[in-house]
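Worksheet: one structure, shown below.
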Amino acid sequence: MKKIVIADYESALEADYTITIESIEEALGEPVDTVVHAYKDKDDFIKVLQDADGLVTGFIEADEEILAACPSLKCISVSGVGYSNINLESARQNDIAVCHIQEYCTQEVAEHAIALMCALNRNLKFYDRQINDKKEWKYYSIDGNPNLNSQTLAIFGFGRIGRRVATIALALGMKVLAVDPYAASQFDVAGVEFVTKKEAFSRADIITNHMNLTEENRHFFNEDAFVKMKRRPIFINVGRGGSVDEQALVNALNRGLIRGAGIDVLEEENPDLNRCSLLRRKNVIITPHSAFYSQESIEKLQRISGANLGYFLAGKNEEITELVR
């Protein structure tokens, strides 16, 4: 019987993985021995994983040390779209396949980005704190922002989610810019203007990040980028935490280079919130990497990630949604 480990940081573990396990067994065609593991430290994780045939995880950093210590491991199924937490070179060296999910939460993440944008533009966090903490009922206690239909949105990363955000933003009457050299030649979306990052930084009233994380765009939004944002935009990141230099974001807020920030991802997937300088700000909304989260998305996430692993172990690679290597 094959051993499967379903593991993640304690904050990211689901309460029930029945759908995942059933999907693995259905795709594989036989029962599996499943261990659900809450990640505490690397050594403890290796002990659990070293004799496993497969791993399902969303966020654990599977580095060279971990992968080299697990000779039985044949496949890692990432329960998400991004897989930057997996050391692909080490996976190749250790003959470990990596697969992920192509699409399961486009609508949810797009809604989340728009919700953060609207909440910040309408000063909802500020008013909520004024009423709840100060018992103050004054709309004029903060300057009003322009209506969304008079503002320009720049979308960085024009994949499925970026395109869905554009559709909603256009329906709100916004002018929409897109920055994505890979998508510019593939998608001709009515009302969307493809521009350079320099032009987007110069023209945008609101910026939202939906880029996949690569070594080339790590800390893409850095000190230099924030300085070039001429219109003091609202900054939204529901993409990857590593795309943003967190200290540069803090500095941009302190210097007033941006009006506010809506953040669903931080640089650390399991952050120490006691040391996070983005907390307790009237113009910053932080959510715990929850943009993907809905009843529908969790069911699809568990079902597809389980099936991907089962199909690989059964030798049915053609059934996998996306085999990275």
- For K175, counting only aspartates and glutamates whose alpha-carbon sits under 13 Å away and dropping same-chain residues fewer than eight positions off, the answer is E193, D205
- Task: In a Gaussian network model over the chain where Cα atoms closer than 10 Å are linked, find which of Y83, Y182, Y140 has the largest mean-square fluctuation.
- Result: Y140
- Treating cross-link reach as a plain straight distance, find the aspartates and glutamates whose alpha-carbon is under 20 Å from the alpha-carbon of K134, omitting any fewer than eight places away in the same chain. D143
- Note on the structure: With -39,500 (n - 2.57) per DSSP H segment of 4 or more residues and division by the full residue count of the chain, the 222 nm estimate, nearest 500 deg cm²/dmol, is -10000 deg cm²/dmol
- Pairs to check: K228/K300; K125/K230; K125/K198; K42/K198. Give those whose C-alpha atoms are more than 32 Å from each other in this structure. K228/K300; K42/K198
- Over all viewing directions the Cα convex hull of the stretch 106-286 casts an average projected area in nm² of 10.5 nm²
- Alpha carbon centroid spacing (whole Å) that separates the stretch 104-128 from the stretch 170-227: 18 Å
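Rounded to the nearest percent, how much of the accessible area of the stretch 106-286 (1.4 Å probe, protein heavy atoms only) is carbon and sulfur?
Numbers: 4500 of 9440 Å².
Of the solvent-accessible surface of the stretch 106-286, carbon and sulfur hold 48 percent.
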- 9 Å beta-carbon shell around F156, net charge (K/R +1, D/E -1): 0
- Go through the stretch 174-239 and name the GluC sites (Glu not before Pro) that are in a DSSP coil and have 14 or fewer other Cβ atoms within 10 Å of their Cβ. E215, E216
- Item | For the chain, built as a Gaussian network whose Cα springs stay under 10 Å, the top-fluctuating residue of L279, L213, L88 | L279
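Could you grab the Rg to Rh ratio for the stretch 1-95? Cα atoms only, Kirkwood for Rh. Provide the component values of the computation, followed by the final result.
On the way: Rg = 12.5 Å, Rh = 13.5 Å.
Dividing the radius of gyration by the Kirkwood radius yields 0.93.
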- Positive-end extreme of charge dipole, the chain - chosen from G82, V35, P288 (charges on Cβ): P288
- Task: Using a 1.4 angstrom probe, figure out how much accessible area the chain has per residue, in square angstrom, rounded to the nearest whole.
- Result: 49 Å²
- Note on the structure: Whole-percent tail of the Cα-Cα distance distribution for the chain, cut at 26 Å, equals 51 percent
- Query: In the chain, which whole DSSP H runs stretch at least 24 Å along their own axis (Cα) and average -0.5 or higher on the Kyte-Doolittle scale?
  - Reply: 295-313
- In straight Cα distance, which aspartates and glutamates are under 20 Å from K138, not counting same-chain residues fewer than 8 positions off? D128
- Query: For the chain, what relative contact order do you get, as a whole percent, if you take Cα pairs closer than 8 Å and at least 6 residues apart?
  - Reply: 22 percent
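The values are calculated or read from the model by the stated rules, or taken from the named source; none is laboratory data. What you see is a predicted model, and the numbers here were worked out from it, not measured in a lab. Cβ sites come from the backbone with ideal geometry, for glycine too, and all protein chains shown count toward neighbours. What goes into the accessible areas is simple: the full protein's heavy atoms, side chains included, and nothing from ligands, DNA or RNA. Shrake-Rupley method; radii C 1.70, N 1.55, O 1.52, S 1.80 Å.
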